[in-house]
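Written out below as structure tokens is the structure these notes cover.
The values are calculated or read from the model by the stated rules, or taken from the named source; none is laboratory data. What you see is a predicted model, and the numbers here were worked out from it, not measured in a lab. Methodologically, a virtual Cβ is constructed for each residue, glycine included, from the backbone with ideal geometry; neighbour enumeration extends over all protein chains shown.
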Amino acid sequence: MRVHQAYRYALDPTPEQARLLASHCGAARFAFNWGLARIKAAMNQREAEKSYDIADEMLTEVPWSLYGLRRAWNTAKGDVAPWWADNSKEAYSTGLDGVARALKNWAASRHGTRKGPKVGFPRFRSKHRAVSSCRFTTGAIRVEADRRHVTLPRLGTIRTGESTRKLARHLERGTGRILSATVRGEGGRWFVAFTCEIDRADRAPARPGAVVGVDLGVKDLAVLSTGEVVANPKHHRSALKRLRRLNKQLARRVGPRAPDGGKQEPSARWAKTKAALGKAHARVANQRRDGLHKLTSRLAATWGT
């Protein structure tokens, strides 16, 4: 069976490589904000023209397709981003693709053709709140033969924090093909996720004909129909002491908000504490993700239904 599967690995970049990773993600965020600002300006111009009773065929066009945004970016990048050559073209394409997808989802939700909760109009991405990520679809994307390094366009060969043998085996056997690679910064660390096309056989559970019921709770993580009770590890409660201390420390330091409500330059110690707080929250999220992954994997490997 051929499936699309992602392999995610932690990276161990050098300081220079970490700077390049942050630069590429910043370029993606810049392109997203530039594209969104351009679309909003065109929409406002269109509304103003409607108020003057201009015919519909004469109104300003609002091309928010990825192709249209890329063409506009290639025309304007020399003026709006003179430093554009410092990063791969894939970084800017990532941001523009995000704008095109967000606007498409908003339009579909507005017209009722998109399932799920209502999607609002996209907002500008902040450096301090947006997730740092960048996607590569072309160029040198590969897993090195030593299974401890990966190569990405313009970033070069980066050491991984864990072995890449699972993906490397598929690539060596010819049962896998890398489609894209996405780098992402979380909790002070960098990760790369390879989206791959994999040929694999369906795994049969240990008890194919058996059925198990799962009741998710608060006091207990899950109760199975077999009588087994999976305890709630309460990772957040265990981390509350450290989270409280870091939050108090952050409140005492000079942050980006001035006492009068305006903006100011945050201190280096505020940034250091902010990073430590983000790392603590990331640890709790990783512990929760790990526990859920182990539970669901065990259920799927044991029971057929």
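Counting the residues of the stretch 30-44 that are charged (D, E, K, R) and under 14 Å from VAL80 (Cα atoms) gives 1.
Would you confirm whether or not the stretch 107-123 contains a residue that is closer than 20 Å to GLY35 by Cβ and among the charged types (D, E, K, R)?
Yes; the residues of the stretch 107-123 include at least one that is closer than 20 Å to GLY35 by Cβ and among the charged types (D, E, K, R).
No other residue among ARG237, ARG200 is of a type in the set (Lys, Arg), at pLDDT below 95, surrounded by 10 or more Cβ atoms within 10 Å (Cβ to Cβ) and under 30 Å from THR175 (Cα atoms) apart from ARG200.
Looking only at residues of the stretch 200-259 that are acidic (Asp, Glu) and more than 29 Å from the chain's Cα centre (by Cα), we find that the one that is farthest from ALA285 (Cα to Cα) is GLU228. In the stretch 1-19, the qualifying residues are those that are among the charged types (D, E, K, R) and closer than 30 Å to ALA204 by Cα, and the one that is modelled with the lowest pLDDT is ARG2. Scan the stretch 287-305 and report the pairs whose first residue is under 18 Å from ASP215 (Cα atoms) and whose second residue is assigned to a helix (DSSP H, G or I) and not β-branched (Val, Ile, Thr), with Cβ atoms within less than 6 Å and a gap of 6+ or a chain change. As it stands, the answer is ARG288/HIS235, since those pairs meet every condition given. Being touching a Ser or Thr at 6+ places or on another chain (Cβ under 8 Å) and within 30 Å of LYS274 (Cα to Cα) holds for only one residue in ALA206, ALA210, ALA181, and it is ALA181.
Output the number of the condition that LEU216 fails; it satisfies all remaining conditions of (1) farther than 30 Å from TYR92 by Cα; (2) modelled with pLDDT of 95 or more. The failed condition is (2).
Being within 30 Å of ASP220 (Cα to Cα), more than 24 Å from the chain's Cα centre (by Cα) and surrounded by fewer than 12 Cβ atoms within 10 Å (Cβ to Cβ) is a description that does not apply to ARG289.
Just one of the numbered conditions (1) in contact with a Gly (Cβ under 9 Å, 6 or more places away or on another chain); (2) touching a residue at least 60 places away in the same chain (Cβ under 8 Å); (3) under 20 Å from GLY139 (Cα atoms) is not true of ARG189: (3). Within the stretch 1-58, the set of residues being among the small types (Gly, Ala, Ser) and touching a residue at least 24 places away in the same chain (Cβ under 8 Å) comprises ALA6, ALA10, ALA18, ALA22, SER23, GLY26, ALA27, ALA28, ALA31, GLY35, ALA37. The set of residues in the stretch 264-275 that are closer than 11 Å to GLN249 by Cβ and surrounded by fewer than 16 Cβ atoms within 10 Å (Cβ to Cβ) comprises ARG269, LYS272.
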